[in-house]
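Taking it in order: structure first as structure tokens, then the write-up.
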Amino acid sequence: MIKADILNILRSKSTVLTFKEILIASGEKRPDLLRRRLNYYVQQGELYSIRRGLYAKNKNYDRLELATKILIPAYVSFETVLAEAGVIFQYYKTIFVATYKTREIECDGQPYSFRQIKDDILMNPAGVENKGNYLAATKERAFLDVLYLNKGYYCDNLSALDFEKVNKLLPIYNNKRMVQKVKQYFEKFQEEL
């Protein structure tokens with residue numbers, strides 16, 4: 001990998017790059033040599049090493065993009081999406097991510113909470129949007145993800161949800177308890193109108 005290769009990689013739209021992405025983009029055949037070169041670019045200040053195997057162009061990388069590259073496959077969901085959509089009013093510094101295993105990680109002072117969801121739910125693209133450099137659940141999908149993992153959950157603003165979309169996404173989870181819970185939330189929403 002020569003200097004021009006790293007500059008081409010840095011021109012990509014991604015703010016966070018995995019070692020594997022750089023390996024493929026560079027065409028380098030020897031991973032050990034690429035690691036040494038990446039370490040050199042980190043020392044020269046041309047790359048920023050976030051954690052092992054994850055690099056950024058600089059310290060101003062997209063934290064949500066990083067969240068979906070620490071564990072793959074993954075998408076931003078749960079309280080992160082619900083708070084942004086105004087469904088809950090509680091502020092969380094933590095970024096919540098749906099993935100294949102549960103783990104808590106702090107990276108560059110930013111806490112990340114990875115929550116395990118069954119593979120058939122995780123891999124279903126319904127209600128998951130491409131935000132450019134990362135995937136994120138719609139507010140309806142995030143609502144259902146939260147209900148899937150929590151038996152009792154309080155939502156501050158149910159009017160922010162489209163219950164028609166919620167009901168369309170509900171079969172993904174194949175869960176009778178969730179059907180009852182969504183029905184209760186919908187009844188509560190109707191009472192508030």
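The values are calculated or read from the model by the stated rules, or taken from the named source; none is laboratory data. All values derive from a computational prediction rather than experimental measurement. Reconstructed Cβ throughout: ideal geometry from the backbone, glycine too, with neighbour counts over all protein chains shown.
Can you confirm whether the range 122-135 contains a residue that is closer than 15 Å to ASN174 by Cα, buried (at least 20 other Cβ atoms within 10 Å of the Cβ) and not assigned by TED's automatic domain parsing to the domain that holds ILE50? No: zero hits. Between TYR153, TYR91, the distinction of being touching a Leu at 6+ places or on another chain (Cβ under 7 Å), at pLDDT below 95 and assigned to a loop (DSSP other than H, G, I, E, B) belongs to TYR153 only.
Of the listed requirements (1) part of a helix (DSSP H, G or I); (2) of a type outside the set (Gly, Ala, Ser); (3) free of Cβ contacts under 8 Å to residues at least 60 places away in the same chain; (4) surrounded by 20 or more Cβ atoms within 10 Å (Cβ to Cβ), ARG36 misses just one: (4). Flag not set for ARG63, criterion: modelled with pLDDT of 95 or more and either over 30 Å from ALA25 (Cα atoms) or surrounded by fewer than 15 Cβ atoms within 10 Å (Cβ to Cβ) (or both). For the range 66-78, a residue qualifies if it is closer than 20 Å to MET123 by Cβ and either in a helix (DSSP H, G or I) or among the charged types (D, E, K, R) (or both), and the qualifying residues are ALA67, THR68, LYS69, ILE70, PHE78.
Look at (1) under 21 Å from ALA98 (Cα atoms); (2) out of contact with any Cys (no Cβ under 9 Å at 6 or more places or on another chain); (3) surrounded by 14 or more Cβ atoms within 10 Å (Cβ to Cβ) and you find that PHE163 fails only one, number (1).
Evaluating LYS101 against the criteria (1) at pLDDT 95 or above; (2) part of a strand (DSSP E or B) leaves one unmet condition, (2). ASN130 meets each of the listed conditions (1) free of Cβ contacts under 8 Å to residues at least 12 places away in the same chain; (2) over 23 Å from GLN184 (Cα atoms); (3) of a type outside the set (Val, Ile, Thr); (4) touching a Lys or Arg at 6+ places or on another chain (Cβ under 9 Å) apart from (4).
Scan LYS139, LYS183, LYS176 and give me the residue that is among the basic types (Lys, Arg) and touching a residue at least 12 places away in the same chain (Cβ under 8 Å). Quick ask: steps written out before the conclusion?
Numbers: LYS183 fails: touching a residue at least 12 places away in the same chain (Cβ under 8 Å); LYS176 fails: touching a residue at least 12 places away in the same chain (Cβ under 8 Å).
None of the others qualify; the one that does is LYS139.
In this structure, ILE50 does satisfy being surrounded by 18 or more Cβ atoms within 10 Å (Cβ to Cβ), outside any helix (DSSP H, G or I) and not assigned by TED's automatic domain parsing to the domain that holds ASP162.
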